[in-house]
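Data block below; observations after.
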Amino acid sequence: MIGYCVRCRAKQEMLSATRTLMKNGRRAMIGLCACCGTKMSVAGKWDDAPEAPELKTPENSLTASRKSG
Ligand SMILES: [Zn+2]
């Protein structure tokens, strides 16, 4: 995955690329510059990356039984 590194001021290979959501809800990738290790992000590149396990939510996390009284 290739992203733009603000420190290198050039396109660099992104390490540990992971899917994330930006504050505005748009898709983005975050990772580390392979050259200098600076954190970098690329908008709208989810199709290129494997699915991040962190985005998976357990099915029964909100279905806990609750008794009143
Ligand atoms: Zn860099």
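The values are calculated or read from the model by the stated rules, or taken from the named source; none is laboratory data. Keep in mind that what you see is a predicted model, and the values were worked out from it rather than measured. Every residue, glycine as well, gets a Cβ built from its backbone with ideal geometry; the counts of neighbours run over all protein chains shown.
Before moving on, here are some points about what is shown:
- Residue list for the range 1-27, restricted to those being outside any strand (DSSP E or B), more than 10 Å from the ligand (Cβ to nearest atom) and of a type outside the set (Lys, Arg): 1, 22, 24, 25
- Residues in the range 28-43 that are among the hydrophobic types (A, V, I, L, M, F, W, C) and near the ligand (Cβ under 9 Å from one of its atoms): 6 in all.
- Per-region count, the range 1-44, residues in contact with an Asp or Glu (Cβ under 6 Å, 6 or more places away or on another chain) and modelled with pLDDT of 95 or more: 1
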